[in-house]
Amino acid sequence: MRRLRITHTTAPEKQRAFLVGVEFRDPTYRAKHAQLPLEASLEELTLLCQTAGLDVVGQTTQHLDRPNPNTFIGPGKLEEIAAWRDALDFDVLVFDDELSPRHQREIEEFMGEGVIVIDRTALILDIFAQHARTYEGALQVELAQYEYRKPRLTRMWTHLARQAGGAAGRSGTGGVGLRGPGETQLEVDRRRIDERISRLRRELEEVRRQRALHRKQRKRSEIPTIAIVGYTNAGKSTLLNALSGAGVLAEDKLFATLDPTTRRVRLPHGHYVLFTDTVGFIQKLPTQLVAAFRATLEEVTEADAILHVVDVAHPFAAQQAQTVMDTLKELGASTKPMIIALNKADKLSPEQRQAAALGLLSEGIFISALHRQGLDELLTEIEAVLFERLVPIRVRLPYRAGDLMALLRREGLVESEFPEERGVLISGRVPGRLLETFLPYRAG
């Protein structure tokens, strides 16, 4: 069993956090709960706590076959943590995995008054709430928070009446006007949350329509788009600044920027592309965030190609890159043309570069966004993928799709075409950025 680790603090004014990490022996649970090794995952959790403004004073770990059905960790470990509370005077207990409502309730009851129990999901949601700077970002974070909180409701949630716009106060009946016959306060709170969630979803749907219109206008201009993705703190914003002078906030923090920024960049042979920076990914990314940030993440699914930025100097760069690829697969964007930028390469020795360029990262281009190294090679590769590197296709285009036939002839290469009853069977080649446009017409 791993021993407790204590970290001394010099910031007593902050809330003091104690971390709990679990490694599962059962392969099914292990694959579900983590990409990174336990110690690395807890280091990441420490950075998340620091980003959220918490002062980490200690941590402990446990190895289990599977989660305890009542308290997630074993009861003996929970007693050990409670014993450390007096010594370390922590007031926030942070679990590295998402707790079920039952787990959270049981642990809170065991720890007693004065200790807040949260999990990685709640922590990330709090960071997102702090960093959302636009109306769209605030809506997305608020929706994710309500989706997370709804199954964890208790009677303490009476403050929701104020968040719902004070409807209870305006009823003139001291809040009774909101209740139906026999409704409990918990039912009232759940109804208020449902109403708020519905309103947020409507507002976000309007944001989604606006984004779709903007993307349609960009498509008409025939300027291809590149979505910049990567693990949080991989250097996406720094890279966008280096390529375009965008002036995007770039800090050495997790989730320093949430709101997407799009900038136009000129490629070496005169072509222009639009780069869009997107929210960083992270292991165990809350499902509520993936759902709530659908409008933003559509910039990834609708892009012509993906620029995957990897912090190649990170000791677990390959695992972080795989987390990003898994998230892209979840979004339905894993088959898009992709360019991999191995950022922070200036921190590597020649031997480390050779060792890094293996497996998933073998086709990556070494760059340093901070020092503007390797950017010309990166832009040349992007231009080749978008405009020069042709992918073979065989499609059957309906006669009414004259615009697609013109596009194929203008941007690609037609090798053969045969008129048929249902349309024209065409074999040829198109730039990678146009492959998805023709996929619905693919012929066997």
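Each value in this text was obtained by applying a stated rule to the coordinates, not by laboratory testing. Quick caveat: nothing in here was measured; it's all calculated off a predicted structure. Methodologically, a virtual Cβ is constructed for each residue, glycine included, from the backbone with ideal geometry; neighbour enumeration extends over all protein chains shown.
Which of rounded, prolate or oblate describes the stretch 223-388 when judged by the alpha-carbon gyration tensor and an a/c cut-off of 1.5?
Cα axes put the stretch 223-388 in the rounded bin.
Calculate, in nm to one decimal, what Arg202 and Val391 gain on full extension: separation in residues at 0.36 nm each, minus their alpha carbon distance.
So the extension gain works out to 64.1 nm.
Only four residue types carry charge here, +1 at the Cβ of Lys and Arg and -1 at the Cβ of Asp and Glu. Report the dipole size of the stretch 5-126 about the Cα centre in Debye, rounded to the nearest 20.
300 debye
Once you sort the root eigenvalues of the Cα gyration tensor of the stretch 11-84 as a ≥ b ≥ c, which label holds: rounded (a/c under 1.5), prolate (a/b larger than b/c) or oblate (the other case)?
Here the stretch 11-84 falls in the oblate category.
Among all the aspartates and glutamates, which ones have a C-alpha under 18 Å from Lys150's C-alpha, if same-chain residues fewer than 8 places away are not counted?
Glu98, Glu106, Glu108, Asp119, Asp126, Glu142, Glu183, Glu187, Asp189, Asp194, Glu195
Please give the contour-minus-distance gain from Gln373 to Asp326: 0.36 nm per residue of separation, less the Cα-Cα distance, rounded to one decimal in nm.
Result: 14.1 nm gained on full extension.
Could you estimate the translational diffusion coefficient of the stretch 332-414 from the Stokes-Einstein equation, with Rh from the Kirkwood formula over C-alpha pairs, at 10 °C and 1.306 mPa s, in whole µm²/s?
Once the numbers are plugged in, D ends up at 101 µm²/s.
Pairs of Cα atoms under 8 Å, at least six residues apart: use those to get the relative contact order of the stretch 223-388, whole percent.
Averaging sequence separation for qualifying contacts and normalising by length gives 25 percent for the stretch 223-388.
Using the Cα gyration tensor of the stretch 284-365, with a ≥ b ≥ c the square roots of its eigenvalues, what is the shape: rounded (a/c below 1.5), prolate (a/b larger than b/c) or oblate (neither)?
Here the stretch 284-365 falls in the prolate category.
Going by how many other Cβ atoms sit within 10 Å of their own, how do Glu381, Glu388 line up, fewest first?
Fewest-to-most ranking of Glu381, Glu388: Glu388, Glu381.
For the stretch 36-136, what D do you get in µm² per second when you plug the Kirkwood radius from alpha-carbon pairs into Stokes-Einstein at 20 °C and 1.002 mPa s?
Taking Rh from Cα pairs, D becomes 147 µm²/s.
Can you give the charge dipole size of the stretch 349-444 about its Cα centre, rounded to the nearest 20 debye, using +1 on the beta carbon of Lys and Arg and -1 on the beta carbon of Asp and Glu?
Taking the Cα centre of the stretch 349-444 as origin, the dipole is about 320 debye.
For the stretch 390-441, give the magnitude of the charge dipole about the Cα centre (Cβ charges: +1 Lys/Arg, -1 Asp/Glu; no others), in debye to the nearest 20.
80 debye
When only alpha-carbon atoms are used, what values of Rg and Dmax, in angstrom, describe the stretch 390-441?
9.8, 29
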